[in-house]
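No value in this document is a laboratory result; all are computed from the given coordinates. Worth saying up front: this structure is predicted, and the values here are computed from it rather than measured. So basically every Cβ, Gly included, is an ideal-geometry build from the backbone, and we count neighbours across all protein chains shown.
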Amino acid sequence: MNLGAFVHPTAIIEDAVSLGPGTSVWDNAHLRRGAVVGSDCIIGGKSYLANSVRIGDRCKINAMVYVCSGVSMGDGVMVAAHSTFTNDFYPRACVNDLSALRPSEVDDHTTFTTVQDGVTIGACATISSDIVIGRFAVVAMGAVVTRSVPAYTLVMGSPARPVALVCRCARPLVGLLDGNPPDGDYTCAPCAITYRVRDGGIVSDPLGDGIPIPRMSDPLALDLDHSEGDAATELAG
């Protein structure tokens, strides 16, 4: 159902797509069958949402973003222009004997990626598959993300590496390039929000609504379990 949503006349909305009230889909965007977009979202011009993609509420998908099948986003996510998601570790156009195309729909080769609430993904970033990008993390422009990203962490580079812990407003709180910062409380001056840091990660957010933040000893080796993601970011079975 698309009641209360705006769809530009040039956008392509296939059957069984769901758009929440207040959502806008702009020129030449293409939403494939079964895609679900929450309320008050913006889907920018020429962006592509594949079959069964899930987008939460109040998300901004800027122009020319490619979101493949198997991607699920929570609320308040921003994906900047020209960013690309992937979903197959061993991609091929055809079956082994080249007699037929492999399907584009979700199949045994498809891997799944979860983008949790509040995440920002910068322009021209490339996101690998079978990962979780934690709450309020920031992926810098042009980054190539090959591993899961801890919550409240800025990653950059190719491959992307943690460089700082960040506030909900995306401003850096403390750097990580010289190793883990001392355990303690760190305050974002503009927001006056104080976060508790242990073992190189944020473990307490006063606005976190009781949702636990995983602790980790090595952010580079973080392997989050998809089953522990935000409820709003889980793919429908």
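Looking across segment 30-47, the residues that are over 13 Å from ILE61 (Cβ atoms) and of a type in the set (Lys, Arg) come down to ARG32, ARG33. The criterion of at least 2 residues that are more than 27 Å from ASP199 (Cα to Cα) is met, among strands (runs of 3 or more DSSP E) falling completely within segment 57-162, by 71-73. Of SER99, SER18, SER47, all but one fail to be buried (at least 23 other Cβ atoms within 10 Å of the Cβ) and hydroxyl-bearing (Ser, Thr, Tyr); the exception is SER47. Residues that are over 21 Å from ALA140 (Cβ atoms) and of a type in the set (Gly, Ala, Ser) were ranked within segment 170-207; the one that is surrounded by the fewest Cβ atoms within 10 Å (Cβ to Cβ) is ALA192. Reported count of residues in segment 58-92, each being under 19 Å from ARG102 (Cα atoms) and among the acidic types (Asp, Glu), is 1. Count, please, the residues in segment 147-169 that happen to be without any contact (Cβ under 8 Å) to a residue 40 or more places away in the chain, within 23 Å of THR113 (Cβ to Cβ) and surrounded by 15 or more Cβ atoms within 10 Å (Cβ to Cβ). Residues that pass the stated criteria total 8. Mind checking which pairs have a first residue in segment 130-142 that is surrounded by fewer than 24 Cβ atoms within 10 Å (Cβ to Cβ) and a second that is assigned to a strand (DSSP E or B), Cβ under 6 Å, 6 or more apart or different chains? Short answer, once both residue conditions are applied: ILE131/THR113; ALA140/MET156. Sub-8 Å Cβ pairs linking a first residue in segment 56-82 that is in contact (Cβ under 8 Å) with a residue 40 or more places away in the chain and hydroxyl-bearing (Ser, Thr, Tyr) to a second residue that is part of a loop (DSSP other than H, G, I, E, B) and surrounded by 24 or more Cβ atoms within 10 Å (Cβ to Cβ), at least 6 apart or interchain, are SER69/VAL53; SER72/VAL53, ordered by first then second residue. Applying the condition of being part of a loop (DSSP other than H, G, I, E, B) and either touching a Leu at 6+ places or on another chain (Cβ under 7 Å) or among the hydrophobic types (A, V, I, L, M, F, W, C) (or both) to segment 21-44 and asking which residue is surrounded by the fewest Cβ atoms within 10 Å (Cβ to Cβ) yields PRO21.
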